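FYI, it's all coordinate maths here, none of it is from the lab. Everything numeric in this text was worked out from a predicted model, so none of it was measured. Here the Cβ is made from the backbone with ideal geometry for all residues, glycine too, and neighbour counts use every protein chain on show.
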Amino acid sequence: MGNARRDKVADEIQRIVSERLLRNHRGDVKGFLTISNVVVNSDFSHATVFYSLFGEDKDFEVTQEALERVGPDLSQEINRGLRLRRTPVLKFIYDASEERRARIESLLG
């Protein structure tokens, strides 16, 4: 039962982060950003947000810095939207799985 709630909260966090980045922070993020997954700990105090980015090499560092800078604002938006007891601290991690998949396809194809 706890895992179902955690999965639902993670899905909502993914939705809120995606929407807010698109609406309010589009200029901060370089390249094409996709929030690929969110993992939340059991007490909802921390959420790891995995993202993929399609762009130039220089865009990765700029985007990571921008995500870390807007993270506290996004946490507050999540808390307002979900009314959790604790405001989750967001950690952003680059998800290279899509990049690896494309590389494997190019090697096989």
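Which listed residue (108, 25, 44) has the Cα farthest towards the positive end of the charge dipole for the chain, taking +1 on Lys and Arg C-beta and -1 on Asp and Glu C-beta about the Cα centre?
With unit charges placed on the Cβ atoms, the residue in question is 44.
Can you compute the helix-only [θ] at 222 nm over the chain? Use -39500 (n - 2.57) per DSSP H run of at least 4 residues, normalise by all residues, nearest 500 deg cm²/dmol.
Calculated at 222 nm, the ellipticity per residue is -19500 deg cm²/dmol.
Sort out for me the Cα centre separation of the range 1-35 from the range 50-74, rounded to whole Å.
The distance from the Cα centre of the range 1-35 to that of the range 50-74 comes to 13 Å.
What share of the DSSP beta bridges in the chain is antiparallel, in percent to the nearest 5?
55 percent
Can you give me the relative contact order of the range 2-108 as a percent, contacts being Cα pairs under 8 Å and 6 or more apart?
On the way: 136 pairs, mean separation 29.9, N = 107.
Taking the mean separation of contacting Cα pairs over the length of the range 2-108, I get 28 percent.
Using only Cα atoms and rounding to the nearest 10 degrees, what angle (0 to 90) does helix 97-108 make with the longest principal axis of the chain?
30 degrees
If we restrict to alpha carbons, what Rg and Dmax does the chain come to, in Å?
14.9, 50
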